[in-house]
Structures are given as structure tokens and as C-alpha cells.
Amino acid sequence: MEQIKLQYPARRKVSKRAHAGVVGSGDLEVLFEPAEGETAHVVIRTSVDGFGDTWKAVLDRFFTKYDGMVRIQINDAGATPGSVMLRLEQAVEASEQ
Amino acid sequence: MSSPKYGAAFINRQSFIELDARERATALLDAGTSRELVGPFDRVESPWLPMQGVTPQEDDGCVVMKGKIAGQAAVVIALEGAFQGGSMGEVSGEKMTAALDLARADNEKGIPTSAVILLETGGVRLQEANLGLAAIAEVMASILALRKHAPVICLTAGTVGCFGGMSLAAGLASYVVLTREGRLGMNGPEVIEQENGVDEFDSTDHALVWAIHGGEQRVDMGLADALVDDDTPQVVDAIRRLVLKGPPPVHRSSQVSLYRRRIEALDASRQWDPKELRALWTSNGFREDKR
């Protein structure tokens, strides 16, 4: 298991927390929690080691259009980048409903 | 099955199996009454999985929801089959035990509270070994204490099924509800094949697996109480009816002489057909528990 920490600039307040997904094979769990301060903190725990660059690329892309002040926790069981993006978007939708 | 009537029913049904543990628990409770206890944001996760390089889940694969069923207080405890095969670890087991014990305490205070346990599990989580075994023993003790006051209903919809130690917990339940897709048994097909060889049990033969472990067989043998379709309103309705029914006069696991007679009647020197077994066990003389 590998832990990856990333940070991104944020400026918009988020009012609700959100949870999506399950730590099942090829899937992941995403937790969004409102946070203070103009930085979004992302903590990723993944069962597949050695994909730090891929994780950074996926999150970099996600944060090109997301600016919420949140703490994001990802627990991953080998999801593909596409699944990761879908779960992130699902969590955004739930946190802004 | 090709008639338009069945086709439409199949297409329009709201699958229960396709729901995850949290959605299943919410679906069973009366609309607007559910409230999750020790949810993912409380971050009570397994301390043992990260040590072994396994990513934990924030709710440890056990969702506890309090609310009402048919207007009565109830707690729903749902295992997430997609996380570590729904296995029972120290944390998930403790959550289940604590929820059952709180329901018992409420009953003792005069608030009738039933429990519904959604079992999609292979039993003990091997990474947590003895702690998982202990957790299942505690769950069983808590079911026995609660079922005196209010029904404890186990539901296995599929597709994981309910195996290992948790099948024993299901055996203690007031009522067991299964779908045709659901499976219930002590040793799962792969385990039997691994221990006794493919001649004993071919786990890739799905027709054989479901003929023995499948919901229809288990209900017709009298090891479970209700068979429902994979349809959320139908599942919800079955659970409501059993909650309102209250605990049975005699629990299945107390009918020792009945099950002893049933087993004695089986001639183990020949191969039994699953349908033959159903016919025998439901024939006259094998229905009532004579003490």
C-alpha cells in the first residue's frame, strides 16, 4: 500500500461533505469534507504501488475545473484513471446538491 | 419468460442486488427516517489491514443505520460484499455487536426495536484471524440476547451470499430472507472443492451450486423463511411483514429434535438429489418439532 499526498489551490467554500464508492477490486472510495483555507488537501491510499505520477496527472486534471475548499480522502483498490475521475465527479455532485 | 408481461416486469424492476450496502440499508428503512451511526466520516477503520498492505475502507465494510420499519424502531446492519468479500473483522464485528446490543437495551427500556442484518459475507476476515472469529461469536451472543425481545431478520440478496461463521449467525436469526440469487451455507463451493476435491463438489458448476446453496433450495428445505425476487419493493415488503410479525414462538435453532430427526432420516450411503431432500424434509413428520 502506498500513500500519496497532493495539494491544490482552492477558493470556493463547500457546504456539504460527500461519500462515493467502495474499496472493491477496480473501484475506490472517495470522501469530500469541507475545509478552511485556500488549499485543497488530497490524501490517497492505494493498494497498487508505483503509480504516483498517474495519480498526480488525474488529480491535476480534476483540479483544472474544481476549486472547492475541501479535504479529499481516496481509498483505492486498483481503480483505473477513468473510474477515479467518475467517483470524484460523483462526490462533487453529492457535495453540491 | 419471453412473454411481454415478464419482460416488462424484469426491465422495470428496481434491483436490490445492484444497490451497495448503504443504499440497501436506506431502502429498507421508512423514507426519511434513516440515520447512519459510525459512518465513513467517523473514520473507524481496521487498524490491521494497512499493516498488511491492504487499503482499508472508512466504514470497515459495515453500515449501521437506525430508523423505522413499518413505523417501528429498527436498526439495519449491512455488510458491503464488495469490500474484502464482506468479511468480518474486528471493527465491522464490533459495529454489528454494538448495534444489536443497543437495540436490546432499547427493548429493555420499553422501545420495541427489531434488527435487520444484511449478510453478504464469506465469514471471518482472514487478515484479522482470531479477532474476526471472536467478533462472530460476539455477534451470535448478541443475536441470542436480542431475539427474545424483537425479531432479528437476516437477509442475503446476493451476489456474495452468506458463508462461514456468519451462516451460523444467520441460523440463529428469527427469520431468514433470501432471493433466488442469494446463497446460504457453512462451507462455500470453492472451500468444499479445495478441501475434498472436484469429485466432491465442482464449484464452477453453477447449476449444482445453486441447487444446493441457492435461495430457492434453502427456503424449500425450511432453512430460510421467505424467498423474494430481486425487486426492492418486494424485499422491503417482506422485511416489513416479518418486523410486524414479531419473534416466532420457537426459533429455528431451538428446534433441536426436529433437525436431529431430519438428519437421522438421511441415508448417507447414497447420493441425495437436492429436490429429494426438500421433499423428505417437508413431508409429514418432519414439519413439527416434537420434544
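All of the numbers you see were taken from the coordinates with simple rules; none came from a lab. None of these values were measured; they are calculated from a predicted model. Methodologically, a virtual Cβ is constructed for each residue, glycine included, from the backbone with ideal geometry; neighbour enumeration extends over all protein chains shown.
Please compute the average number of Cβ atoms from other chains found within 10 Å of each residue's Cβ in peptide B:49-57.
So the per-residue partner count for this stretch is 5.
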Query raised in the report: What are the radius of gyration and Dmax of the protein assembly as shown, computed over its Cα atoms and given in Å?
Result: 22.7, 75
Report summary line: Taking the reciprocal of mean 1/r across every pair of different Cα atoms in chain B, the Kirkwood radius in Å is 19.7 Å
Query raised in the report: If you plug each phi of segment A:31-45 into the Karplus form 6.51 cos²θ - 1.76 cosθ + 1.60 with θ = phi - 60°, what whole-Hz ³J(HN,Hα) values come out, in order, with x for Gly and Pro?
Result: 10, 10, 10, x, 9, 8, x, 8, 9, 9, 9, 10, 10, 10, 10
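With both partners inside the protein assembly as shown, how many of the DSSP beta bridges are antiparallel, as a percent to the nearest 5? All intermediate terms of the calculation are to be shown ahead of the outcome.
Working: 31 of 58 bridges.
Counting DSSP beta bridges with both partners in the protein assembly as shown, the antiparallel share is about 55 percent.
Considering only DSSP beta bridges with both partners in segment B:132-291, what is the antiparallel share in %, to the nearest 5? Intermediate values should be presented prior to the final figure.
Numbers: 1 of 9 bridges.
Once the DSSP bridges in segment B:132-291 are tallied, antiparallel ones form about 10 percent.
Across peptide A:22-28, what mean number of C-beta atoms from other chains lies inside 10 Å of a residue's C-beta?
6
For B:Asp237 and B:Asn196 in one chain, what is 0.36 nm times their gap in residues minus the Cα-Cα distance, to one decimal in nm? Working shown, then result.
On the way: separation 41, 0.36 × 41 = 14.76 nm, distance 4.04 nm.
Working it through step by step, the gained length comes to 10.7 nm.
If you take each beta carbon of peptide B:80-87 and count the beta carbons of other chains within 10 angstrom, what is the mean?
Working: counts 4, 2, 8, 8, 3, 1, 0, 0.
Average neighbour count from other chains, rounded to a whole number: 3.
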Query - Antiparallel DSSP beta bridges within chain B, percent to nearest 5 - result: 40 percent
Query raised in the report: What 222 nm value per residue comes from the helices of the protein assembly as shown, counting each DSSP H run with n ≥ 4 as -39,500 (n - 2.57) and dividing by all residues, nearest 500 deg cm²/dmol?
Result: -11000 deg cm²/dmol
Requested in this report: Compute the length gained on full extension between B:Arg13 and B:Thr159: take 0.36 nm times their separation in residues and subtract their Cα-Cα distance, giving the result in nm to one decimal.
Outcome: 50.9 nm
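Which value, in debye to the nearest 20, gives the size of the charge dipole of the protein assembly as shown about its Cα centre, when Lys and Arg are +1 and Asp and Glu are -1 at the Cβ?
Numbers: 42 positive and 54 negative charges, 303 e Å.
It works out to roughly 1460 debye.
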Report summary line: Per its Cα gyration tensor (rounded if a/c is under 1.5, else prolate when a/b beats b/c, else oblate), segment B:146-188 is best filed as oblate
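Where Rh denotes the Kirkwood radius from the mean inverse Cα pair distance, what is Rg over Rh for chain A?
On the Cα set of chain A, Rg over Rh gives 0.94.
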Query raised in the report: Given +1 on the Cβ of Lys and Arg, -1 on the Cβ of Asp and Glu, and no further charges, what dipole in debye does segment B:10-253 carry about its Cα centre, rounded to the nearest 20?
Result: 1220 debye
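I need the shape label for segment B:197-248. Rule: rounded when a/c is under 1.5, else prolate if a/b > b/c, else oblate, with a, b, c from the alpha carbon gyration tensor. Write out the running numbers ahead of the final one.
Details: a/c = 4.48, a/b = 2.27, b/c = 1.98.
In terms of gyration-tensor shape, prolate.
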Query raised in the report: Between B:Arg261 and B:Ala129, what is the spin-label point distance in nm, taking each point 7 Å from the Cα along the Cα→C-beta axis?
Result: 4.5 nm
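Which value results for Rg/Rh of segment B:127-202 when Rg is the Cα radius of gyration and Rh the Kirkwood radius based on the inverse mean 1/r?
Values: Rg = 14.2 Å, Rh = 13.7 Å.
The Rg/Rh ratio comes out at 1.04.
Per-residue counts of other Cβ atoms within 10 Å, averaged by peptide: what ranking do you get for B:217-225, B:204-212, B:75-83, highest first? Kindly include the intermediate steps, with their values, before the conclusion.
Values: B:217-225: 20.4, B:204-212: 14.0, B:75-83: 26.7.
Those peptides, ordered most packed to least, come out B:75-83, B:217-225, B:204-212.
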Query - Shape parameters for segment B:178-291, alpha-carbon atoms, Rg then Dmax in Å - result: 15.9, 45
